[in-house]
Amino acid sequence: MHILIIEDEKKVAEAVSEGLRSEGYQVSLAFTGEEGFFRAMSQTFDLILLDLMLPGRSGIEILTALREKNNVPVLILTAKDAIEDRVAGLDCGADDYLVKPFAFAELLARIRALTRRGRPDQVLRMKLADLELDCLTRKVTRAGYEIYLTGKEYELLEYLFRHQGHIVSREMLAHDVWHVFDRATPLDNVIDVHINRLRAKIDADSDNKLLHTIRGVGFVLKQADG
Ligand code: CA
């Protein structure tokens, strides 16, 4: 369970993060609106804890942009006397709110409730052109023909699918697919080998190439002309 905390009050953010980690959650922190916006839009989280009063981009801006993209549960944090903020947040698609200062036990209860609610954004079948992926059976087909992938190739493809149309960096893949957090470990070659094998399997027999390398940046799964 991966939670993103977007909160500019470092002390609050770090205390909450420490508490959540001790409860077994994986936590990422963003201390500015810009950073929070970038992470929320480029990575996949199970829940986002969003302060509304942020420098740079406001929480409302982040929430509005996010809601055009997915249904990740968002719990907003508001100041005690900011009732309009709370209403605006809920209007913009927040799932719940907490008023600061809050008790940690209360936060935990809200998080459990929101993540238990089922995942409306949990897509079980994904499709791009004639490439299809079934997340339940882990079956992949291209133009109706089944493609046999190794476990890692499948995870890589599913990850690219979930970020369809967005560039995925080698660092994101190392972190999210290989679960290697120490960048001193040279993984780039391993990633490139897997990408090449995956590309050979999904794209070799089709004129419509879907897996593209963006030199010096990463990879993207999309239609060639899109
Ligand atoms: Ca704030």
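For residue 91, indicate whether it is over 14 Å from the mean Cα position of the chain (by Cα), surrounded by fewer than 23 Cβ atoms within 10 Å (Cβ to Cβ) and among the acidic types (Asp, Glu).
Here the answer is yes, as residue 91 does meet what is asked.
Could you give me the residue pairs with C-beta distances under 7 Å whose first residue belongs to the range 88-108 and is assigned by TED's automatic domain parsing to the domain that holds residue 50, whose second residue is among the hydrophobic types (A, V, I, L, M, F, W, C) and in a loop (DSSP other than H, G, I, E, B) wherever it lies, and which are 6+ apart or on separate chains?
Close Cβ pairs (under 7 Å, with a partner that is among the hydrophobic types (A, V, I, L, M, F, W, C) and in a loop (DSSP other than H, G, I, E, B)) amount to 89/52; 100/79.
Restricting to the range 57-92, give me the number of residues that are polar (S, T, N, Q) and more than 13 Å from the ligand (Cβ to nearest atom).
3
Pairs needed: first member in the range 42-63, more than 25 Å from residue 218 (Cα to Cα) and in contact (Cβ under 8 Å) with a residue 24 or more places away in the chain; second member anywhere, away from the ligand (no atom under 12 Å from the Cβ) and of a type in the set (D, E, K, R); C-beta distance under 8 Å; at least 6 residues apart or different chains.
Qualifying pairs under 8 Å: 56/34; 57/34.
State which residue is modelled with the lowest pLDDT when the search covers only the range 33-56 and only residues that are within 12 Å of the ligand (Cβ to nearest atom) and of a type outside the set (A, V, I, L, M, F, W, C).
56
Here is a check on your reading of the model: is residue 190 aliphatic (A, V, I, L, M) and surrounded by fewer than 18 Cβ atoms within 10 Å (Cβ to Cβ)?
Spelling it out, residue 190 is indeed aliphatic (A, V, I, L, M) and surrounded by fewer than 18 Cβ atoms within 10 Å (Cβ to Cβ).
Quick one: residue 65 ticks every box in (1) modelled with pLDDT of 95 or more; (2) in contact with a helix residue (DSSP H, G or I) (Cβ under 7 Å, 6 or more places away or on another chain) except a single one, so which number is it?
(1)
Quickly run through the range 98-117 and pick out the residues that are open to solvent by 70 Å² or more (accessible area, probe 1.4 Å) and over 16 Å from residue 13 (Cα atoms).
112, 116, 117
Of the residues that make up the range 3-10, is at least one more than 15 Å from the ligand (Cβ to nearest atom), at pLDDT 95 or above and either under 22 Å from residue 109 (Cα atoms) or open to solvent by 10 Å² or more (accessible area, probe 1.4 Å) (or both)?
Yes, the range 3-10 contains a residue that is more than 15 Å from the ligand (Cβ to nearest atom), at pLDDT 95 or above and either under 22 Å from residue 109 (Cα atoms) or open to solvent by 10 Å² or more (accessible area, probe 1.4 Å) (or both).
Given the residues 73, 55, which is the only one that is farther than 30 Å from residue 210 by Cβ and open to solvent by 60 Å² or more (accessible area, probe 1.4 Å)?
From the options 73, 55, the qualifying one is 55.
The values are calculated or read from the model by the stated rules, or taken from the named source; none is laboratory data. If you're wondering where the values come from, they're calculated on a predicted model, not measured in any experiment. Cβ sites come from the backbone with ideal geometry, for glycine too, and all protein chains shown count toward neighbours. Accessible surface areas use protein heavy atoms only, side chains included; no ligands, DNA or RNA. Shrake-Rupley method; radii C 1.70, N 1.55, O 1.52, S 1.80 Å.
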